[in-house]
Each structure stands twice: as structure tokens, then as C-alpha cells.
Amino acid sequence: MNIQLIIQTIKSKLRYGCIVEWYNFWYIVLHKSQKQIPQIASIDETIQKIVKEGCSVSRFGDGEILLTNNKAIGFQKADSKLGERLKEVLQSNADGHIVCLSDTFTDIYRYNRKARRFWRTHFFIYGHIWDNLLISNKQYYNTFVTRPYMDFAQKTQCGKWFHDMQAIWQNRNIIFIEGEKSRLGVGNDLFHNAKSIKRILCPPTSAFDKYDSIINEAVKQSKDVLFLIALGPTATVLAYDLHKKGYQAIDIGHVDIEYEWWRMNAKRKVKIQNKYVNEAVGGNIVSVAGEEYESQIIAKIL
């Protein structure tokens, strides 16, 4: 890493830290809270729901909600069509499809200080968007099912969650729809119990630009496959649309990176040598993935 990048990173962290502390102060002083407090299942309940009922899953976090308000995020430019589709999915009620949210609306102290500060800031600035879009009395599920490690203050349940999650793809033919360098499962055993693995590679940023090509490629596949999608906000919409076409599709997000960090006992978000990690410094620089990975690729939409 060169000295200019180090200086830029330090400046960015200092600026971010000041902004977060400012909004946290006012969040606490003003006793801010949401008008809409969604009913969100636990991680255990979410895993059980998916395993028992073969549900498809769409997840919403801070990025997806910003895009509904036509605001760009780090790896997805603002797109009015994507924003409208995200609203549709968030307010959907399709049988066999569940919508997952962060459970930081309540009991935020289950998370570490960094996560608490982040979510207080988010709700202070953007909480009104959630209030306008959430549906009262709707049963939501837990988006941390795919982020079950890094943000938690106590990590005693993390190993259990990863283990239980593997029942979702037990003896299934998996097709990953992932960013070009995401490389789910490469170098670890998270998906070792799958029957087979294939991959459709997509753009690592602003994947929604290629949405029609991605879904057209996906629907060429047999209905018995399990789609696991790691493609940012595009995955949220794609899982919903594939479900409506008769597939089981799960917006799997960062689960593979979280598993890598858990195996490392990482204390902060660090780069992984052969995988793109957008949340870590230098995480966009990756090494060669290997022949087995290359043999699993069935399509590239870049």
C-alpha cells in the first residue's frame, strides 16, 4: 500500500468517525426512535424457516433502503428503476418468499460498538425512509442470517449459525450468481455438503445495469437448482423475481466473507487473499482462484 493511499484512508476514517459521533450524540440526546418498529424473527427462526419451507430470501440493509430514495452506494449507482423494484420487494407478500431486515431497530446492544454507532447514525439520517415503507404487522425475517459474525458483541453462537445454515444447501445443486471476483466457497468448506456447484459471474459494481441478461441466463437452468446470489442490491430483486418464476433463490450476501472472518477469528474487516471484499482496505486486489473454480463457471455477464 503506498503512502498516499494510507493518508487518504486515515483522513477518510477520521472524517467518518467525526460524522458518526456527531449523529450518535444527537440520537441519544434527542431519544430518537422509529415510528415503525418491524416484527423481525431471530437468526435461528430465519434459518429454520428457510430449511423447513424451502423459502426464497430477499434481504434489506442500509444500502438497499438508500437506493429506494435514489441515492447511490459504494458499489451500485443510483437507478430509479432499481429503487422502485426494491420498494416492490420490501412491501411484497409472496408465498414462499421472505423479506429480511436488520434487527437493529430494537435491542441494539447485542452488537458491538462500531455497529451500534453505524446504525444509530443511519436511523438518525434515514429512519424516515423506513417509516414510510415498512408495513405494520408484517412478519419480517433477519438479514443478519448472512452476516452472523463480525458485528456481534458476543460471538458464542456464530459457529452454530454457520453450521445450521449449511442445511439449506445440503445435497443441493447450487448455482452461485455472484460478482466477478466474489468467489463464494473458494478456499473453505462452507458449501462442502452441496451436491454440485456452478457459477454465473456478473459485474462487481452496478450489476443492475445487466439485470435482464442476468435473469435471462438464470432461467435457462433447471428448476431444481438452488440459486445463491451475492450481487449487492441486485440480489434482493433477483431472488424475488426468480422465486416468482418457480426457483428457490436466496440473497446470500456476505455470508462467505463472514465465514472467512470467523475462521480467522478476525477482530475487524480484513481483506481475503483470493476474494473481493468491498468493506476492507485493499480488498479489491485478489489473487488467482484456481482451476476448480474456473471449471465451475457456466456463464459470464460482464
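The values are calculated or read from the model by the stated rules, or taken from the named source; none is laboratory data. As the structure is a computational prediction, the values presented were derived from the model and not from experiment. Reconstructed Cβ throughout: ideal geometry from the backbone, glycine too, with neighbour counts over all protein chains shown.
Condition first: more than 22 Å from LYS244 (Cβ to Cβ) and part of a helix (DSSP H, G or I). Now tell me which residues in region 30-62 satisfy that.
ILE43, ASP44, GLU45, ILE47, GLN48, ASP62
Return the pair list, or none, for Cβ contacts closer than 6 Å from residues in region 201-227 that are farther than 19 Å from LEU82 by Cα to residues that are among the small types (Gly, Ala, Ser) and surrounded by 20 or more Cβ atoms within 10 Å (Cβ to Cβ), at least 6 apart or on different chains.
PHE227/ALA249
Does any residue in region 246-258 that is modelled with pLDDT under 95 come within less than 9 Å, Cβ to Cβ, of a residue that is of a type in the set (Gly, Ala, Ser) six or more places away or on a different chain, and which pairs are these?
GLY253/GLY61; GLY253/ALA230; GLY253/GLY232; GLY253/ALA235; HIS254/ALA230
Look at ILE7 and say whether it is more than 25 Å from the chain's Cα centre (by Cα) and either farther than 30 Å from ILE168 by Cβ or not in a helix (DSSP H, G or I) (or both).
yes
Which one of SER12, SER92 is at pLDDT 95 or above and not aliphatic (A, V, I, L, M)?
SER92
Would you please name the residue that is farthest from the chain's Cα centre (by Cα), looking only at residues in region 34-60 that are surrounded by 14 or more Cβ atoms within 10 Å (Cβ to Cβ) and among the basic types (Lys, Arg)?
Ranking the qualifying residues of region 34-60, first place goes to LYS49.
Identify, by number, the condition in (1) in a helix (DSSP H, G or I); (2) under 30 Å from TYR111 (Cβ atoms); (3) not small (Gly, Ala, Ser) that GLU292 doesn't meet.
Here GLU292 meets the rest and fails (2).
Report yes if some residue within region 279-287 is in contact with a Phe, Trp or Tyr (Cβ under 8 Å, 6 or more places away or on another chain), free of Cβ contacts under 8 Å to residues at least 40 places away in the same chain and under 24 Å from LYS155 (Cβ atoms); otherwise report no.
Yes; the residues of region 279-287 include at least one that is in contact with a Phe, Trp or Tyr (Cβ under 8 Å, 6 or more places away or on another chain), free of Cβ contacts under 8 Å to residues at least 40 places away in the same chain and under 24 Å from LYS155 (Cβ atoms).
Is it true that ASN142 is surrounded by 14 or more Cβ atoms within 10 Å (Cβ to Cβ) and closer than 30 Å to GLN170 by Cα?
yes
All but one of (1) modelled with pLDDT under 95; (2) in a helix (DSSP H, G or I); (3) touching a helix residue (DSSP H, G or I) at 6+ places or on another chain (Cβ under 6 Å) hold for ASN70; state the number of the condition that does not hold.
(2)
Just the residues that are among the polar types (S, T, N, Q) and either within 17 Å of the chain's Cα centre (by Cα) or part of a loop (DSSP other than H, G, I, E, B) (or both), please, taken from region 73-91.
Result: GLN76, GLN91.
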